[in-house]
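Okay, structure first, notes after.
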Amino acid sequence: MVATPLADHQPHYLTTEDVAARYRTAPGTIRYWRHIGYGPKGIKVGRRVLYTQAAIDDFERHLAAENANDGAEDKLPGHLDAAERVTSHQR
């Protein structure tokens, strides 16, 4: 049996800048999304926020379902819809 490197078994993490590049937006937009409870779920590691590919995939599945349902109430747990984001941000 051939041993595989440990790196092959560790998840790949994306930075805020990586996520911003993926969605063709500014890193500040990704930080704002995180602040209002929108976007992929990140993990705080020290001062950095990192994103797993699974979190990106979940967010994109949510977006696809939202687009397919034309805005029907089908949101991920912990994610706010547009009206809730505005209301919670105004508090």
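Taken together, the values in this text are just the output of simple stated rules run on the coordinates, not laboratory data. Keep in mind the model is a prediction, meaning the values are calculated, not measured. Backbone-built Cβ (ideal geometry, glycine too); neighbour counts: all protein chains shown.
Scan the helices (runs of 4 or more DSSP H) fully inside the stretch 8-70 and keep the ones with 1 or more residues being surrounded by fewer than 16 Cβ atoms within 10 Å (Cβ to Cβ) and under 9 Å from the mean Cα position of the chain (by Cα). Break it down into steps so the answer makes sense when it comes.
Working: elements: 16-22, 27-36, 53-68.
By residue number, 53-68.
Looking at the stretch 30-57, I want the residues that are touching a residue at least 40 places away in the same chain (Cβ under 8 Å) and have a partner that is in a strand (DSSP E or B) and surrounded by 11 or more Cβ atoms within 10 Å (Cβ to Cβ) with Cβ atoms under 9 Å, at least 6 apart or on another chain. Which pairs are those?
Correct list of pairs: THR52/TYR13; THR52/LEU14; THR52/ILE43; GLN53/TYR13; GLN53/LEU14; ILE56/LEU14.
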